[in-house]
Amino acid sequence: MVSIEAHSGIYTLKTEQLLNTDLETAWEFFSSPNNLVKITPKHMAFEITSGKAKAMYPGQIITYKVSPFPGIRASWVTEITHVKDREFFVDEQRFGPYSMWHHEHIFEETEKGLMMWDKVSYKLPFGVLGRMIHPVIVKNKLTQIFTYRYKILEELFPA
């Protein structure tokens, strides 16, 4: 479901999920930034601050507020850097909590349903300190977020 590997100071999170839907429906859902609220844990108080977002397009800037931990509110700015209609899109952090964040969303229609992959390559700030807190805090938090997303998508697109 969710795996995280380290390589050259960068971490890569991968997920794989088979959804009981067609490519058109899935693409419509995932290409709307407004649906991020639906698949983010409620306790994170996720809020798009750049206004109601239109369907994504390359160059689109989206700003958010999110609470990764109780009492901490962070701003996050991402850019949609690549879109290949009904195949994949990429969002990259421009400003936020990571030194680097590159998130690939990949879709493929199969006989069994829609296969969806997430691949997030990220780097933490603060050098050695960042690497020390990764296994204790960051890895667990990201696993929790993507496990929640998996569960919600199972409910939105039931078998």
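Read-outs: derived from the displayed coordinates by stated rules, not from any lab. From a predicted model like this one, the values you see are computed outputs, not experimental measurements. Counting neighbours? That spans all protein chains shown, and the Cβs are built from the backbone with ideal geometry, glycine included.
Relative to the longest principal axis of the chain, what angle (0 to 90°, nearest 10) does the C-alpha long axis of helix 139-156 take? Rounded to the nearest ten degrees, it is 20.
When every alpha-carbon pair in segment 84-141 is counted, what percent end up more than 15 Å apart? Across segment 84-141, Cα pairs with separations above 15 Å total 60 percent.
Rounded to the nearest whole Hz, the Karplus-based 3J(HN,Hα) values (6.51 cos²θ - 1.76 cosθ + 1.60, θ = phi - 60°) of segment 124-138 follow the sequence 8, x, 6, x, 4, 4, x, 5, 6, 7, 4, x, 8, 10, 5, with x at glycine and proline. Normalised by the number of residues in the chain, the mean separation of alpha-carbon contacts (under 8 Å, six or more apart) gives a relative contact order of 26 percent. Extent of segment 30-159 along its three principal axes (Cα atoms, max minus min coordinate, largest first): 45, 30, 25 Å. Separation of segment 84-159 and segment 1-50, taken as the distance between their Cα centroids, equals 6 angstrom. The aspartates and glutamates within cross-link reach of K112, meaning a Cα-to-Cα straight distance under 19 Å and a gap of 8 or more places when in the same chain, are E16, D22, E24, E87, E154, E155. Looking at segment 1-63, what % of the alpha carbon pairs are farther apart than 19 Å? When all Cα pairs of segment 1-63 are counted, 53 percent exceed 19 Å. Computed from phi, the 3J(HN,Hα) profile of segment 78-87 under the Karplus parametrisation 6.51, -1.76, 1.60 (θ = phi - 60°) reads 10, 10, 7, 9, 9, 9, 10, 3, 6, 10 Hz, with x in place of Gly and Pro. Dipole check for the chain: with +1 at the C-beta of Lys and Arg, -1 at the C-beta of Asp and Glu, and the Cα centre as origin, the magnitude is about 880 Debye.
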